[in-house]
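Data first, discussion second: the structure below is written as structure tokens.
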Amino acid sequence: MTTKYLHSMIRVSDPEATIAFFSLIGLEEVRRFDNEAGKFTLIFLAAPGQAGVAEVELTHNWDEAGYDGGRNFGHLAYRVDDIYATCQRLMDAGVTINRPPRDGHM
């Protein structure tokens, strides 16, 4: 079984201020995706030369009114060889899968 860490996602209210903060520790924007239909922007940051290795994903929901109660943290993303087998192993161990894989993705 091969597992690769991809990124951690956090929701942000002010993307430019957040990018400025992460730039202070040496991260830079490596790609951005605007989704007009979903009204959100995904911004990926990484240390120089580490795009695709260990990234931070910033999610900016255009219509959000502020986050509270720990809603800023989104997820940790990993790539595995077989998502279906991995989910089955988790379920066999008693883990509830709230969003089962679709077309090989979660």
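The values are calculated or read from the model by the stated rules, or taken from the named source; none is laboratory data. Note that the structure is predicted; figures quoted are calculated from it, not measured. Ideal geometry is used to build each Cβ from the backbone, glycine not excepted, and the neighbour counts take in all protein chains shown. Heavy atoms of the whole protein, side chains included, go into the accessibility calculation; ligands, DNA and RNA do not. Shrake-Rupley method; radii C 1.70, N 1.55, O 1.52, S 1.80 Å.
Things worth noting here:
- In the range 13-30 there is no residue matching the filter, namely being closer than 29 Å to residue 84 by Cα, assigned to a loop (DSSP other than H, G, I, E, B), modelled with pLDDT under 90 and not basic (Lys, Arg).
- Tally, over the range 34-64, of residues that are part of a strand (DSSP E or B) and either aliphatic (A, V, I, L, M) or within 20 Å of residue 79 (Cα to Cα) (or both): 10
- Selection count, the range 95-106, where residues are more than 19 Å from residue 33 (Cβ to Cβ) and either touching a helix residue (DSSP H, G or I) at 6+ places or on another chain (Cβ under 7 Å) or open to solvent by less than 100 Å² (accessible area, probe 1.4 Å) (or both): 5
- One residue from 73, 44 being free of Cβ contacts under 8 Å to residues at least 60 places away in the same chain, in contact with a strand residue (DSSP E or B) (Cβ under 8 Å, 6 or more places away or on another chain) and among the aromatic types (Phe, Trp, Tyr): 44
- For beta carbons closer than 9 Å, sequence separation of 6+ or different chains, a first residue in the range 4-16 that is surrounded by 12 or more Cβ atoms within 10 Å (Cβ to Cβ) and a second that is among the acidic types (Asp, Glu) and outside any strand (DSSP E or B), the qualifying pairs are 11/64; 13/64.
- Verdict on residue 60 being in contact with a helix residue (DSSP H, G or I) (Cβ under 8 Å, 6 or more places away or on another chain), open to solvent by less than 70 Å² (accessible area, probe 1.4 Å) and closer than 18 Å to residue 8 by Cα: yes
- One residue alone among 73, 40 is closer than 11 Å to residue 11 by Cα and surrounded by 15 or more Cβ atoms within 10 Å (Cβ to Cβ), and that residue is 40.
- Counted residues, the range 76-94 - those being loosely packed, with under 10 Cβ neighbours inside 10 Å and part of a loop (DSSP other than H, G, I, E, B): 2
- Given (1) open to solvent by 50 Å² or more (accessible area, probe 1.4 Å); (2) of a type outside the set (Ser, Thr, Tyr); (3) free of Cβ contacts under 8 Å to residues at least 60 places away in the same chain, index of the condition residue 35 fails: (1)
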